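A quick write-up on the structure given underneath.
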Amino acid sequence: MGFGRYVTARVLWAGVVSLIITTITFLLVSAAPNPAVQEAATQAALQGGDPAAAAERARELRGLDQPLHVRYMDFIESVYTFDWGWSRSRSQPVTQALGEGLYYTAQYSVPWTILTVLIGPLVGVYSAANMYSWKDHAATGFAFFGYAIPNFFFGIILLLIFGVWLEVIPIVYNTDVPVFSVQNAVQLSVPVFVLVTGSIGAVMRVSRNESAEFQNAEFMKTAKAKGVSPLRAYAYHVMRPTLVPLSTTLVGQLLALFLGSSLLVEVVFGIPGIGRVTYNALIAQDTNLLLGSTLAFTFIAVIGNLFEDLVFTVLDPRISFDDR
């Protein structure tokens with residue numbers, strides 16, 4: 001199997017996985033009571049009408065009286081054509097609400113991802129090169145401090161220090177400032193710092209352990225004997241093979257933080273990103289928006305795992321496509 005066929009197979013498998021998750025989501029939504037139907041019945045009862053008739057009319061308007069397979073095909077068609085319905089709490093289409101949230105989420109998630117990819121492996125390799133020294137202990141302590149402390153608590157502490165006491169950053173995220181401006185960089189610096197410190201711990205630990213194994217290998221001794229500079233030796237002979245097992249940990253950690261911690265960070269700092277959109281939809285019981293958020297996170301996770309497989313293959317040319 002060549003690389004092109006392997007990529008095609010992985011893309012098709014990602015589509016199958018997304019279809020399976022979407023099907024499970026549909027079954028769970030179908031089994032749960034619809035809030036709009038319950039609300040119609042409640043309103044009819046309060047106004048002296050027939051709650052059962054009102055609930056039936058609401059079911060007919062939303063197509064809930066159709067057979068299960070018909071509703072399933074309509075649901076799948078709407079999912080993959082991005083016709084995700086209307087957000088009751090925001091009075092706009094679900095895709096538009098998620099797009100606005102993703103716009104603000106990308107402003108801090110892009111620099112956070114870049115910094116994590118750069119700092120985590122470098123700190124791990126630097127720690128392995130100075131193993132059991134004070135530099136190693138300092139790097140390990142810094143990495144695991146951010147990994148151990150809860151992101152939302154760390155964010156509240158930093159917001160209290162820099163927002164309330166020092167008044168360096170706004171208490172609530174200001175959406176009026178331009179994206180590429182000093183003001184926006186300043187107000188996003190603390191959320192990015194919180195997420196970076198929370199994500200480099202596991203990345204640094206894996207890169208430290210893997211690079212410690214490679215730095216004592218025979219090819220490193222040969223490179224040093226030939227007079228190769230330490231920087232080039234570590235960059236080419238240690239960093240590259242370290243990135244192969246690290247790619248799995250890196251993508252997993254970033255996805256976990258993006259799906260979980262980003263919501264908490266957005267709530268703490270008042271960023272109207274996709275995490276806060278999901279949180280507000282849950283509070284308002286906005287079923288369409290909550291379902292759309294779930295689908296968006298699902299597709300992000302599937303694409304992230306697909307990217308992980310492709311990067312893993314590119315980094316290690318020894319991988320046989322036939323075995324995979």
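The sole residue among Gly163, Gly124, Gly146, Gly155 that is in contact with a helix residue (DSSP H, G or I) (Cβ under 9 Å, 6 or more places away or on another chain) and more than 27 Å from Leu263 (Cα to Cα) is Gly124. The set of residues in the stretch 93-129 being loosely packed, with under 14 Cβ neighbours inside 10 Å and over 16 Å from Ile300 (Cβ atoms) consists of Gln96, Ile114, Leu118. When the residues of the stretch 224-234 are filtered to those that are part of a helix (DSSP H, G or I) and in contact with a helix residue (DSSP H, G or I) (Cβ under 9 Å, 6 or more places away or on another chain), which remaining residue is surrounded by the most Cβ atoms within 10 Å (Cβ to Cβ)? Here the answer is Tyr234. Remark: pairs (first residue in the stretch 214-238, assigned by TED's automatic domain parsing to the domain that holds Tyr126 and touching a residue at least 60 places away in the same chain (Cβ under 8 Å); second residue β-branched (Val, Ile, Thr) and surrounded by 15 or more Cβ atoms within 10 Å (Cβ to Cβ); Cβ separation under 9 Å; 6+ apart in sequence or on different chains) = Gln215/Val125; Gln215/Val238; Tyr234/Val125; Val238/Val125. Summed over the stretch 64-119, the residues that are within 23 Å of the chain's Cα centre (by Cα), among the charged types (D, E, K, R) and within 25 Å of Thr23 (Cβ to Cβ) give a count of 1.
The values are calculated or read from the model by the stated rules, or taken from the named source; none is laboratory data. Given the structure is predicted, the values throughout are model-derived calculations rather than measurements. Glycine also receives a Cβ, built like all others from the backbone with ideal geometry; neighbour counts cover every protein chain displayed.
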